[in-house]
1. Given (1) in contact with a Leu (Cβ under 9 Å, 6 or more places away or on another chain); (2) surrounded by 14 or more Cβ atoms within 10 Å (Cβ to Cβ), where does F287 come up short, assuming only one miss?
2. What number of residues within the stretch 156-195 satisfy the criterion of being in a helix (DSSP H, G or I) and free of Cβ contacts under 8 Å to residues at least 40 places away in the same chain?
3. Look at Y133 and say whether it is buried (at least 16 other Cβ atoms within 10 Å of the Cβ) and among the aromatic types (F, W, Y).
4. Has the stretch 83-93 got at least one residue that is in contact (Cβ under 8 Å) with a residue 40 or more places away in the chain, among the β-branched types (V, I, T) and within 15 Å of the ligand (Cβ to nearest atom)?
5. Scan the stretch 101-121 residue by residue and report those that are within 15 Å of the ligand (Cβ to nearest atom) and loosely packed, with under 15 Cβ neighbours inside 10 Å.
6. Among the residues of the stretch 34-69, what is the count of those that are under 11 Å from the mean Cα position of the chain (by Cα) and more than 16 Å from the ligand (Cβ to nearest atom)?
7. Filter the stretch 136-145 for residues that are surrounded by fewer than 17 Cβ atoms within 10 Å (Cβ to Cβ) and within 23 Å of P256 (Cα to Cα); which is farthest from the ligand (Cβ to nearest atom)?
8. Which count do you get for residues in the stretch 122-135 that are away from the ligand (no atom under 16 Å from the Cβ) and acidic (D, E)?
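Coordinate-derived values only; no laboratory data. Because the structure is predicted, anything quoted here is derived from the model rather than measured. Ideal geometry is used to build each Cβ from the backbone, glycine not excepted, and the neighbour counts take in all protein chains shown.
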Amino acid sequence: PFKGNIDLNKLQRLIDEKGAENIAYVCLAVTVNLAGGQPVSMANMRAVRELTNKYGIKVFYDATRCVENAYFIKEQEDGFADKSITEIVLEMFSYADGCTMSGKKDCLVNIGGFLCMNDEHLFQDAKEMVVVYEGMPSYGGMAGRDMEAMAIGLEESMQYEYIRHRVLQVRYLGDLLKEAGVPIIEPVGGHAVFLDARRFCPHLTQEQFPAQSLAANLYVESGVRSMERGIVSAGRDNKTGENHTPKLETVRLTIPRRVYTYKHMDVVADGVIRLFKHKETIRGLRFVYEPKQLRFFTARFEEI
Ligand SMILES: *Cc1c(COP(=O)(O)O)cnc(C)c1O
């Protein structure tokens with residue numbers, strides 16, 4: 001159930017290989033967006049803390065979906081069923097030196113985010129940088145109105161009823177697709193259902209961008225917008241110019257918080273299932289425009 005966990009043996013090997021002095025920090029994503037929104041267990045966070053403490057390496061969380069992660073801990077990890085979401089989140093962060101957080105996800109607001117750290121000196125340095133890149137330290141590039149909204153969003157996000165509804169709604173969509181035989185990444189994570197494009201489009205090679213094409217075809221079929229997470233997202237090697245070839249080719253169906261009902265999930269599932277029934281008609285793609293940076297955001301394609 002905790003496929004977001006860091007492999008401690010691999011981390012140990014990396015530290016041995018590169019040397020602790022060459023590692024600025026360990027970034028732990030709670031939950032792991034790119035791997036299906038999979039959560040990290042409290043036991044793993046504690047173990048990462050213990051290992052990095054031995055070497056004086058800092059740990060920063062990508063805390064964008066930390067409340068969803070806390071829900072999974074409450075639901076599935078031994079010893080947490082009776083703890084509140086707030087208590088679980090507090091314990092999670094006790095094993096970190098700081099975090100980055102996008103406000104657009106678990107903070108329940110339209111825009112913004114924040115950077116936190118426990119180290120006073122590091123904090124001073126960051127405060128000097130924020131003036132250069134974002135705005136005065138008192139608002140860090142955000143409007144006062146947006147900061148107030150975020151403060152309220154953070155409090156509301158800790159409500160058990162809300163986060164339970166959110167995670168279960170995502171799971172409901174996953175269950176509908178599974179029942180129809182549509183290949184998805186399991187278990188279903190906290191914020192999205194990920195279609196497995198390799199199994200959805202076995203007739204396409206990875207170089208034909210199966211996940212990108214699946215996303216485009218789903219939009220044509222049903223008007224549902226999704227996101228490629230595969231070879232297009234992985235980009236090219238800076239040195240060789242070759243495409244990175246990730247193991248996973250997925251399409252992310254991300255569900256906004258507090259926007260949709262279960263009936264909307266039925267509509268999304270219907271669209272995906274309809275497309276699945278004529279999946280052989282999905283053709284490969286090639287680039288007609290490929291930007292140098294973060295190509296998955298703005299690239300354009302045509303059918304082969
Ligand atoms: C959205 C997201 C970000 C980036 O946040 P922005 O507010 O869009 O800059 C970083 N990490 C994760 C895991 C995200 O989902």
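1. If we test F287 against (1) in contact with a Leu (Cβ under 9 Å, 6 or more places away or on another chain); (2) surrounded by 14 or more Cβ atoms within 10 Å (Cβ to Cβ), just (1) comes out false.
2. Restricting attention to the stretch 156-195, the residues satisfying the condition of being in a helix (DSSP H, G or I) are 156-157, 160-179.
If we keep only those that are free of Cβ contacts under 8 Å to residues at least 40 places away in the same chain as well, we get 161, 165, 168, 171, 174-175, 178-179.
Matching residues across the stretch 156-195 total 8.
3. Numbers: buried (at least 16 other Cβ atoms within 10 Å of the Cβ): no; among the aromatic types (F, W, Y): yes.
So Y133 does not fit the description; no.
4. Filtering the stretch 83-93 down to residues in contact (Cβ under 8 Å) with a residue 40 or more places away in the chain leaves 84-86, 88-89, 91-92.
Now restrict to residues that are among the β-branched types (V, I, T): 85-86, 88-89.
Checking the rest, the ones that are also within 15 Å of the ligand (Cβ to nearest atom) come to none.
No: the stretch 83-93 contains no residue that is in contact (Cβ under 8 Å) with a residue 40 or more places away in the chain, among the β-branched types (V, I, T) and within 15 Å of the ligand (Cβ to nearest atom).
5. We begin by selecting, within the stretch 101-121, every residue within 15 Å of the ligand (Cβ to nearest atom); these are 101-116.
N110, I111, listed by residue number.
6. Here the count works out to 0.
7. Just the residues of the stretch 136-145 that are surrounded by fewer than 17 Cβ atoms within 10 Å (Cβ to Cβ), to begin with: 136-139, 141, 143-145.
Right, trim to within 23 Å of P256 (Cα to Cα) and you get 143, 145.
Values: A143: 15, R145: 17 Å.
Checked the stretch 136-145; the qualifying residue farthest from the ligand (Cβ to nearest atom) is R145.
8. To start, the set of residues in the stretch 122-135 that are away from the ligand (no atom under 16 Å from the Cβ) comprises 122-129, 131-132.
Next, only the ones that are acidic (D, E) stay: 125, 128.
Adding up the residues that qualify gives 2.
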